[in-house]
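A.B. asks: Before I ask anything, let me first share the structure, which is written out below as structure tokens.
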Amino acid sequence: QVQLVESGGGEVQAGGSVRLSCVASGDTYGSLYMGWFRQAPGKEREFVAAIDSLGGRVSRYNEPVKGRFAISRDNAKNTVYLQMNSLKPEDTAVYYCGVAWGAAEKEGSYRYWGQGTQVTVSS
């Protein structure tokens, strides 16, 4: 069993920055990625970014966030971060952290999810 706790969401103006954190506890042995998805009102959950579970040298980003968001991890703290810069109103969503045993971009690869944290970007 794996527990994930996200934090760091809030309200920010367009152009601003927010850093999300996700602390993992439990058995993540064999997992391939930790990643972030988001879900905006009335929309399906979509992939945002992921980082590999070993050395943290491999990362994946969805096109809308490339160049603005950066994912990183601190294995000593079992924590993954999502630094979000140049935020836009369309980034408004609930952001979820997850652990994947398959392809980083596929929601079905993730066996465990956090409770989510709201990010609201005002124009």
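A.B. asks: Do you know which residues across region 4-19 are open to solvent by 40 Å² or more (accessible area, probe 1.4 Å) and of a type in the set (Asp, Glu)?
C.D. replies: Result: Glu11, single match.
A.B. asks: How many residues does region 48-60 contain that are out of contact with any Lys or Arg (no Cβ under 8 Å at 6 or more places or on another chain) and crowded, with 21+ Cβ neighbours inside 10 Å?
C.D. replies: 1
A.B. asks: Continuing with the same structure: Can you tell me which of (1) in contact with a Gly (Cβ under 9 Å, 6 or more places away or on another chain); (2) part of a strand (DSSP E or B) is the one Ser86 doesn't meet?
C.D. replies: It fails just one condition, (2).
A.B. asks: Hey, any hits in region 101-115 for a residue that's outside any loop (DSSP other than H, G, I, E, B) and free of Cβ contacts under 8 Å to residues at least 24 places away in the same chain?
C.D. replies: yes
A.B. asks: Which one of Val65, Val94 is farther than 18 Å from Tyr29 by Cα and either in contact with a His (Cβ under 9 Å, 6 or more places away or on another chain) or free of Cβ contacts under 8 Å to residues at least 40 places away in the same chain (or both)?
C.D. replies: Val65
A.B. asks: Then there's this: Got a number for residues in region 22-44 being part of a strand (DSSP E or B), open to solvent by 20 Å² or more (accessible area, probe 1.4 Å) and not aromatic (Phe, Trp, Tyr)?
C.D. replies: Matching residues across region 22-44 total 4.
A.B. asks: Quick check on Ser86: is it under 20 Å from Ala40 (Cβ atoms), in contact with a strand residue (DSSP E or B) (Cβ under 6 Å, 6 or more places away or on another chain), polar (S, T, N, Q) and loosely packed, with under 15 Cβ neighbours inside 10 Å?
C.D. replies: No: the conditions fail for Ser86.
A.B. asks: Please work out if Val94 is touching a Leu at 6+ places or on another chain (Cβ under 8 Å) and farther than 13 Å from Cys22 by Cα.
C.D. replies: Criteria not met by Val94.
The values are calculated or read from the model by the stated rules, or taken from the named source; none is laboratory data. Keep in mind that what you see is a predicted model, and the values were worked out from it rather than measured. Note: ideal-geometry Cβ built from the backbone for every residue, glycine included; neighbour counts use all protein chains shown. Calculation scope for accessible area: heavy atoms of the full protein, side chains included, ligands and nucleic acids excluded. Shrake-Rupley method; radii C 1.70, N 1.55, O 1.52, S 1.80 Å.
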